[in-house]
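The values are calculated or read from the model by the stated rules, or taken from the named source; none is laboratory data. Owing to the predicted nature of the structure, the values given are computational and were not obtained by experimental measurement. A quick note on method: Cβ atoms are made from the backbone with ideal geometry, for glycine too, and the neighbour counts reach across all protein chains shown. Surface accessibility is based on the protein's heavy atoms, side chains included, excluding ligands, DNA and RNA. Shrake-Rupley method; radii C 1.70, N 1.55, O 1.52, S 1.80 Å.
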Amino acid sequence: DASSATAPPARETLPPEEAGEPAPKKPARAPKAPRKERLRALGLRLRQALSVLSAVAVFVGLGVGARAGHRWLRTTPRFNARDITVTGLSRTTRDDVLRAVGLDAPRNVVSIDGDRAARAAEALPWVARATVTRRLPGVVNVSVEERSAAAVVAAGGLYLVDADGALFKRALPG
């Protein structure tokens with residue numbers, strides 16, 4: 001009778017080493033490159049890193065050098081204004097113009113902002129327009145066009161008016 005047949009006994013599972021079987025092999029690791037090749041690759045990476053660092057050092061050095069050179073140009077007495085000409089004056093004094101543009105004391109020509117100096121001169125009452133030019137090593141030219149009084153207006157006091165109708169100076173008695 002087939003039902004009386006017995007099934008084979010269940011086998012106990014043991015680790016392969018205890019069961020006498022060889023242990024399964026671990027996945028194979030890629031073989032190491034020969035020492036020479038590893039050293040060559042390391043040398044290549046080091047050379048690349050050194051070339052990048054060298055380029056950065058060059059650019060930093062150029063920036064620092066440019067800044068120092070610019071500072072020297074703006075402060076060296078070698079480029080102080082020595083030859084200053086002021087033209088177009090009849091009512092305004094040379095000293096007033098020089099004081100307004102900042103040339104009443106020794107000043108480096110490179111540090112002069114021509115537009116700002118011209119605006120400062122134009123703030124003087126009689127000055128309608130001004131230009132300030134500079135030339136190395138020490139030349140500054142200030143050209144002034146003065147206003148002419150076209151009328152006297154009473155506006156809380158007596159004021160001079162130019163041809164454009166702008167009040168520009170309080171009229172002094174006499």
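Restricting attention to region 123-146 and to residues that are closer than 14 Å to Arg107 by Cβ and either open to solvent by 70 Å² or more (accessible area, probe 1.4 Å) or of a type in the set (Asp, Glu) (or both), the residue that is modelled with the highest pLDDT turns out to be Arg134.
The criterion of at least 2 residues that are more than 22 Å from Gly69 (Cβ to Cβ), of a type in the set (D, E, K, R) and without any contact (Cβ under 8 Å) to a residue 60 or more places away in the chain is met, among strands (runs of 3 or more DSSP E) falling completely within region 80-150, by 139-146.
Consider region 147-174. How many of its residues are aromatic (Phe, Trp, Tyr) and loosely packed, with under 13 Cβ neighbours inside 10 Å? Show your work before the answer.
Pass one, region 147-174, residues aromatic (Phe, Trp, Tyr): 159, 168.
Those still in the list that are loosely packed, with under 13 Cβ neighbours inside 10 Å too: none.
Looking only at that region, the number is 0.
Take Val52 and decide whether it is modelled with pLDDT of 95 or more and in a helix (DSSP H, G or I). Taking the combined requirement at face value, the residue does not satisfy it.
Arg99 fulfils the conditions (1) open to solvent by 70 Å² or more (accessible area, probe 1.4 Å); (2) over 30 Å from Thr75 (Cα atoms); (3) of a type in the set (D, E, K, R) except for a single criterion, (2).
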